[in-house]
Amino acid sequence: MRGRRARVTPADVGMAPGLRRRTPGLRREEVAQLSGVGVTWYTWLEQGRPINASPQVLDAVARTLRLDPPEREHLYELAGVAFLPGRESDAFEVGEEVQGIIDALDPLPAVVYNARYDVLATNPGYRDLFGIPVMPGTGVRNALWSLFTASEEDCPVVHRDQELPLMAATLRSGYGRHVGEPAWESFIAELSEASPYFAKLWRSGDVVPPGRRVKTFRHWAVAGEIRMTSVSLTVNGLPECRIVTYTPADEESRELLGALRAHCRGTRDR
């Protein structure tokens with residue numbers, strides 16, 4: 001647990017590193033804060049001392065620390081809670097090989113999502129186009145949360161009335177394998193509270209699988225609409241995860257994407 005905490009940096013969870021930082025990775029109090037638990041409780045968990053823990057709380061800690069399935073199982077063992085294999089199968093990070101693939105696709109935007117639309121890895125082209133922020137209090141970047149809670153003026157997706165229902169329906173296609181899991185149920189409840197529009201779409205019960213689509217984006221740095229074709233690719237070794245790539249749907253969009261990339265690169269180089 002302590003070693004895994006040391007591998008998660010403040011930047012990974014959207015926190016400023018601060019001055020005079022001696023602790024590698026996150027401090028115990030930071031993990032506790034991001035997971036919604038007490039510092040003493042979390043300290044005892046790391047030390048393997050007897051505590052009262054629910055699966056929901058353990059899942060929150062696992063999300064903060066980006067634990068893989070074997071590490072998650074060990075966490076449950078530390079807490080003395082029965083672990084159910086096959087549940088909570090969402091990945092929270094990818095390996096160097098997958099990151100290398102999406103980096104090689106740049107300047108074409110590319111991202112790795114799990115079934116809940118958590119953003120596991122991105123390349124610069126994706127970050128230029130989307131700029132997915134961290135969900136409040138979690139340290140997790142999630143595309144659904146970003147798009148459903150953004151104002152219409154700030155949302156990078158142009159045709160929200162077309163795209164957002166499809167994304168909600170795609171989420172539901174993965175939800176069937178996770179009914180009752182605390183991380184999924186809490187995410188859906190919190191997003192429903194934050195976005196009445198999502199709550200309405202979720203109640204409709206529509207289901208669609210991930211697939212090839214043409215999506216239209218806008219960005220304040222360029223004038224015009226950027227039409228991109230998205231394609232989803234499965235990832236071996238990462239259950240329920242997919243690489244999504246975006247290619248310009250026409251020449252105008254290709255030129256605008258190039259202009260956006262040049263602008264963002266110039267901004268970073270200043």
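Using alpha carbons only, how many degrees (0 to 90, rounded to 10) separate the axis of helix 69-79 from the longest principal axis of the chain?
In the chain, helix 69-79 runs at an angle near 30 degrees to the longest axis.
Please give, to one decimal in nm, the separation of the simple spin-label points placed at Glu190 and Arg203, each 7 Å out from Cα toward the Cβ.
That separation, rounded to one decimal, is 2.3 nm.
Against the longest alpha carbon principal axis of the chain, how many degrees, from 0 to 90 and to the nearest 10, is the axis of helix 96-105 turned?
It works out to around 10 degrees.
Taking 0.36 nm per residue of separation and subtracting the Cα-Cα distance, what length does fully extending Trp44 through Thr9 add?
10.4 nm
Read the figures in this text as sums done on the coordinates, not as results from a lab. Keep in mind that what you see is a predicted model, and the values were worked out from it rather than measured. No Cβ is skipped: glycine too gets one built from the backbone with ideal geometry, and neighbour counts run over all protein chains shown.
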